[in-house]
Amino acid sequence: MAVRFAVERPTSLEEACGILAGHPGVARVHAGGTDVLVQARHPARRPDLVVDLARIPGLGEIEAEPDGSLRIGARVPMTRLIDHEAMDRGLEGLRDAMKLVGSIQIRNRATLAGNICNASPAGDTVPVLVILEARVNLVGVHGRRSVPVAEFVVGPAKVARGQDEIVESVTIPCPATRSASAYLRAVRRRAVDLALTGVALRVDDTGEVRVSYCAVGPRPILGARAAALLRGVKPGATPDDDPPAVAAAAEAATQEVTPIDDVRASAEYRRAMTGVYLVRAFRLAHDRLSGSISEPRSQNDG
Amino acid sequence: MGETSLLVHLRVNGVDRTARIDSDDTLLDVLRDRLGLIGTKYNCLQGECGACTVIMDGASVCSCIVLGASADGSTIETIEGLARDGELHPIQQAFSEADGSQCGYCTPGMIMSAKALLDSIPHPDEAAIREGLEGNLCRCTGYAHIVAAVRLASERMEDHA
């Protein structure tokens with residue numbers, strides 16, 4: 001009986017890139033497999049070859065680089081990254097996002113590189129990586145190159161990767177100033193569900209704010225207007241005491257996203273929830289920055 | 001290009017096993033069809049329901065979306081490995097006493113997720129139990145008895161520690 005796909009298990013990146021370059025059919029790169037194996041059953045994205053990275057050394061590490069940036073190998077499971085101490089210093093939003101991906105079983109196999117390359121418009125980690133100015137490090141038959149995540153994710157299921165190229169690692173630069181980040185999403189279920197809208201927000205000691213939204217456009221949207229309105233703003237002691245700029249930013253957020261109606265929610269609902277979650281993410285990031293930690297137990301904590 | 005048939009070596013419930021598998025076999029296929037371990041259940045095949053949950057190298061996974069080739073060299077615990085010498089594992093015993101099953105189809109996966117939870121958090125509170133079982137769906141029980149079973153198991157396992 002014919003198999004749905006053959007498997008290659010190269011022992012080097014060079015070999016892997018060569019296989020991808022020369023393959024005439026549909027090849028998928030396999031790290032954790034949580035997207036590839038699901039899509040292998042669907043006609044639209046079915047591969048006939050799966051290139052498994054498991055035998056290639058050097059892809060499973062989380063390393064601090066000399067310049068302070070963090071390099072995350074393509075095969076690092078999210079669970080290991082979630083527990084890593086580096087997530088405490090400015091990268092809390094990335095931890096927030098990873099903890100929402102799928103389920104524990106999924107996170108024990110899923111990778112950051114895979115989440116990026118899958119390029120789901122609702123991919124939770126991508127808007128966080130955008131505001132953290134993360135880059136993907138690619139290897140291909142012609143050599144290496146590094147691309148900002150914001151430029152790499154082009155559209156739904158579309159990334160700027162050559163057929164021969166493999167993401168070797170993801171680099172997150174060390175924030176220049178003390179900062180904190182947060183990611184919150186509107187969602188129907190607590191787990192195994194997709195964001196209806198997701199808001200990633202970063203604030204730093206200079207009052208600079210960066211915002212990005214997911215699930216409300218074909219790829220993450222930079223929240224330029226909301227971020228500008230929140231620059232230098234501090235939340236009130238309670239939401240009722242928030243300065244007017246916060247409400248203005250929430251309104252701006254609803255206007256700078258392009259949601260669609262789909263089976264999970266209407267565009268109108270997604271748009272409205274974007275404003276709500278912008279404010280919540282803003283408060284959470286600021287609480288983390290000021291040290292008065294309030295870790296949300298669940299997504300529904302205001 | 002590529003292999004279509006592979007030999008994998010894995011340690012399942014403490015026993016070394018070797019299986020010839022197809023390249024597109026998932027770990028679920030390997031366990032059920034190649035090794036005859038049908039306790040792990042076949043359900044959504046999308047990693048969304050958790051019925052196929054096993055513990056691989058100490059971490060719970062949905063075997064339906066684990067590439068069979070990935071199992072090569074791994075250590076796997078399935079539901080069949082919990083009972084020892086005819087005695088139920090405390091989690092199994094607790095599920096039985098606390099009515100944690102109705103149709104039973106989600107149960108092997110639910111118990112393996114519970115085991116993975118208790119292996120890392122021996123005394124979880126209710127919120128932690130519910131969070132630990134987030135990847136497992138049950139259409140019958142409404143989850144309350146499942147949570148009670150896991151709490152009962154954690155108390156029993158504490159006694160044995």
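Computed from the coordinates by the stated procedures, all read-outs in this text should not be read as laboratory data. The structure presented is a predicted model; accordingly, all values stated were derived computationally and were not measured. Heads up, the Cβs are rebuilt from the backbone with ideal geometry, glycines too, and the neighbour counts pull from every protein chain shown.
Filtered by the rule that a residue be within 9 Å of chain A (Cβ to nearest Cβ), closer than 21 Å to A:ASP83 by Cβ and not aliphatic (A, V, I, L, M), the range B:59-86 gives B:SER60, B:CYS62.
Tell me yes or no: at least one residue of the range A:25-34 is touching a Pro at 6+ places or on another chain (Cβ under 6 Å) and among the β-branched types (Val, Ile, Thr). Within the range A:25-34, one or more residues are touching a Pro at 6+ places or on another chain (Cβ under 6 Å) and among the β-branched types (Val, Ile, Thr).
When A:PRO66 is tested against (1) touching a residue at least 12 places away in the same chain (Cβ under 8 Å); (2) more than 11 Å from chain B (Cβ to nearest Cβ); (3) surrounded by fewer than 20 Cβ atoms within 10 Å (Cβ to Cβ), just one condition goes unmet, and that condition is (1).
Within the range B:10-26, not a single residue is of a type outside the set (Asp, Glu) and under 20 Å from B:ALA153 (Cα atoms).
Does B:SER70 satisfy being in contact with a Gly (Cβ under 8 Å, 6 or more places away or on another chain), assigned to a strand (DSSP E or B) and not acidic (Asp, Glu)? In short, no. Here the condition is being closer than 17 Å to A:GLY33 by Cβ and without any contact (Cβ under 8 Å) to a residue 60 or more places away in the chain; of B:ASP25, B:ASP16, it holds for B:ASP25 alone. On the stretch given as the range B:73-110, residues that are among the aliphatic types (A, V, I, L, M), more than 30 Å from B:LEU6 (Cβ to Cβ) and in a helix (DSSP H, G or I) total 3. When each of B:ARG139, B:ARG151 is tested for being part of a loop (DSSP other than H, G, I, E, B) and either under 23 Å from B:GLY104 (Cα atoms) or within 14 Å of chain A (Cβ to nearest Cβ) (or both), the lone residue that passes is B:ARG139. Selection within the range B:17-28: residues that are among the charged types (D, E, K, R) and out of contact with any strand residue (DSSP E or B) (no Cβ under 7 Å at 6 or more places or on another chain). The member of this set that is farthest from the other protein chains (Cβ to nearest Cβ) is B:ASP25. Please verify whether B:ALA98 is among the small types (Gly, Ala, Ser), away from every other protein chain (no Cβ under 14 Å), over 20 Å from B:CYS52 (Cβ atoms) and under 17 Å from the mean Cα position of the chain (by Cα), treating the condition exactly as stated. Against the criterion (among the small types (Gly, Ala, Ser), away from every other protein chain (no Cβ under 14 Å), over 20 Å from B:CYS52 (Cβ atoms) and under 17 Å from the mean Cα position of the chain (by Cα)), B:ALA98 does not qualify.
Determine if the range A:205-214 includes at least one residue that is part of a helix (DSSP H, G or I), surrounded by fewer than 22 Cβ atoms within 10 Å (Cβ to Cβ) and more than 17 Å from the chain's Cα centre (by Cα). The answer is no; no qualifying residue exists.
Per the conditions (1) over 26 Å from B:CYS52 (Cα atoms); (2) more than 10 Å from chain B (Cβ to nearest Cβ); (3) without any contact (Cβ under 8 Å) to a residue 60 or more places away in the chain; (4) of a type in the set (A, V, I, L, M), the sole criterion not satisfied by A:MET78 is (1).
Residue check: B:GLY2 meets all listed conditions (1) touching a residue at least 24 places away in the same chain (Cβ under 8 Å); (2) facing chain A (nearest Cβ under 10 Å) but one, namely (1). Across the range B:122-136, which residue is farthest from A:ASP193 (Cα to Cα) among those that are part of a helix (DSSP H, G or I) and in contact with a helix residue (DSSP H, G or I) (Cβ under 7 Å, 6 or more places away or on another chain)? Among residues in the range B:122-136 that are part of a helix (DSSP H, G or I) and in contact with a helix residue (DSSP H, G or I) (Cβ under 7 Å, 6 or more places away or on another chain), the one farthest from A:ASP193 (Cα to Cα) is B:GLU126. Remark: pairs (first residue in the range B:129-142, polar (S, T, N, Q); second residue outside any loop (DSSP other than H, G, I, E, B); Cβ separation under 6 Å; 6+ apart in sequence or on different chains) = B:ASN136/B:GLY109; B:ASN136/B:MET110; B:ASN136/B:SER113. Residues in the range A:253-279 that are crowded, with 23+ Cβ neighbours inside 10 Å and in a helix (DSSP H, G or I): A:ALA253, A:ARG270, A:MET273, A:THR274, A:TYR277, A:LEU278, A:VAL279. The residues of the range A:32-59 that are among the aliphatic types (A, V, I, L, M) and more than 10 Å from chain B (Cβ to nearest Cβ), listed by number, are A:ALA44, A:LEU53, A:ILE56, A:LEU59.
Of the set (1) more than 14 Å from chain A (Cβ to nearest Cβ); (2) farther than 28 Å from A:ARG80 by Cβ, all apply to B:LEU31 but (2).
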